[in-house]
Amino acid sequence: MIELREVSRVFESPSGESLTVLENLSCSFKAGLSVAIEGPSGSGKSTLLGLLAGLDQPTSGEVVVAGHNLGNLSEAGLSRFRAQNLGFVFQSFHLLQHFSALQNVVIAGEIAGLPAPLKAAQEALARVGLEHRTDHVPGQLSGGECQRVAIARAIVTRPKILLCDEPTGSLDRVNSSKVFELLLALHKDLGTTLVLVTHDPHLADRLDRQVFLEGGRFVNGAA
Ligand SMILES: Nc1ncnc2c1ncn2[C@@H]1O[C@H](COP(=O)(O)OP(=O)(O)OP(=O)(O)O)[C@@H](O)[C@H]1O
Ligand SMILES: [Mg+2]
């Protein structure tokens, strides 16, 4: 279960004015659902995913994910919550630049305490079609390959909840479709809750729910 209770996020702009990016959002999604988040650039989609992952805190309101009210968790508690429940595919990948593709994925498995992180990482990289690039560091990979490493890292723990920020944004049509089918298969086979930010309405329509963010609010889909 994912629940937002009157969540607002106000940033301070560089000129010192306050910028309300998310305003009083409330919604709830049952565990195991797949949800697409759509909305124009700058509408707060990545901000919202950051709140769901506990990487950022709302200015007001509460975020409850998998039974945890994230505002009540310490930094250590949040790290544990993420390792045990979440996979996150960042819009800008956030790969460790000095580590190989394989090491990037292994580290995520180690942090989560997987019994055999190396084997799990090799399998995850094979699932995204990168078994031939495991020793390359991110600087030696194409943008789409980096995106697939980021996805392998997010799925290596077979998380309960997968938060994906435009996970196919850097991929060509064939790889985009492969990655999307992989995420859908994880959702269906393992019951993974999938929250996916996308600008592609065709992909969004294949998920259980679609929510649209605009002007800081859900314009529809969150009822
Ligand atoms: N730390 C910050 N300080 C100030 N403003 C911020 C900060 N983070 C985000 N913003 C602003 O919040 C707004 C929403 O940003 P966000 O990254 O959530 O948009 P988005 O919907 O993911 O857009 P895109 O589709 O382009 O990825 C943007 O206008 C951005 O400039
Ligand atoms: Mg974004």
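The values are calculated or read from the model by the stated rules, or taken from the named source; none is laboratory data. This structure is a prediction, so every number in the text was calculated from the model and none was measured. Cβ sites come from the backbone with ideal geometry, for glycine too, and all protein chains shown count toward neighbours.
Determine, yes or no, whether ALA152 is away from ligand 1 (no atom under 16 Å from the Cβ) and crowded, with 21+ Cβ neighbours inside 10 Å. So ALA152 fits the description; yes. Within region 108-132, the set of residues being touching a residue at least 40 places away in the same chain (Cβ under 8 Å) and closer than 15 Å to ALA150 by Cα comprises ALA108, GLY109, ARG127, VAL128, GLY129. Among residues of region 14-43 being closer than 22 Å to LEU186 by Cα and among the polar types (S, T, N, Q), the one that is farthest from ligand 2 (Cβ to nearest atom) is SER28. Within region 130-176, the set of residues being of a type in the set (Gly, Ala, Ser) and touching a strand residue (DSSP E or B) at 6+ places or on another chain (Cβ under 7 Å) comprises ALA150, ALA154. Only one entry of GLY216, GLY169 meets the criterion of being within 15 Å of ligand 1 (Cβ to nearest atom), surrounded by fewer than 21 Cβ atoms within 10 Å (Cβ to Cβ), among the small types (Gly, Ala, Ser) and farther than 23 Å from LYS30 by Cα, and that entry is GLY169. Here's a check for you: in region 178-223, which residue that is in a helix (DSSP H, G or I) and among the small types (Gly, Ala, Ser) is modelled with the lowest pLDDT? Within region 178-223, the match that is modelled with the lowest pLDDT is ALA185. If only one of HIS136, HIS132 is out of contact with any helix residue (DSSP H, G or I) (no Cβ under 9 Å at 6 or more places or on another chain), farther than 30 Å from VAL10 by Cα and surrounded by fewer than 19 Cβ atoms within 10 Å (Cβ to Cβ), which one is it? Exactly one residue qualifies, and that residue is HIS132. Set side by side, the residues PHE99, PHE88 differ, and just one is aromatic (Phe, Trp, Tyr), in contact with a helix residue (DSSP H, G or I) (Cβ under 8 Å, 6 or more places away or on another chain) and buried (at least 20 other Cβ atoms within 10 Å of the Cβ), which is PHE88. If I filter region 183-205 for residues that are more than 18 Å from LEU86 (Cβ to Cβ), basic (Lys, Arg) and in contact (Cβ under 8 Å) with a residue 40 or more places away in the chain, do I get at least one hit? Looking through region 183-205, none of the residues is more than 18 Å from LEU86 (Cβ to Cβ), basic (Lys, Arg) and in contact (Cβ under 8 Å) with a residue 40 or more places away in the chain.
For every residue, the table says whether it meets (1) hydrophobic (A, V, I, L, M, F, W, C); (2) touching a Cys at 6+ places or on another chain (Cβ under 6 Å); (3) surrounded by fewer than 16 Cβ atoms within 10 Å (Cβ to Cβ); (4) over 28 Å from PHE212 (Cα atoms).
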position: GLY54; (1), (2), (3), (4): no, no, no, no
position: VAL63; (1), (2), (3), (4): yes, no, no, no
position: ILE111; (1), (2), (3), (4): yes, no, yes, yes
position: LEU114; (1), (2), (3), (4): yes, no, no, yes
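Filtering region 44-70 to residues that are within 16 Å of ligand 2 (Cβ to nearest atom) and among the polar types (S, T, N, Q) leaves SER46, THR47.
Hey, any hits in region 20-33 for a residue that's touching a residue at least 24 places away in the same chain (Cβ under 8 Å), under 29 Å from GLU110 (Cβ atoms) and aromatic (Phe, Trp, Tyr)? Looking through region 20-33, none of the residues is touching a residue at least 24 places away in the same chain (Cβ under 8 Å), under 29 Å from GLU110 (Cβ atoms) and aromatic (Phe, Trp, Tyr).
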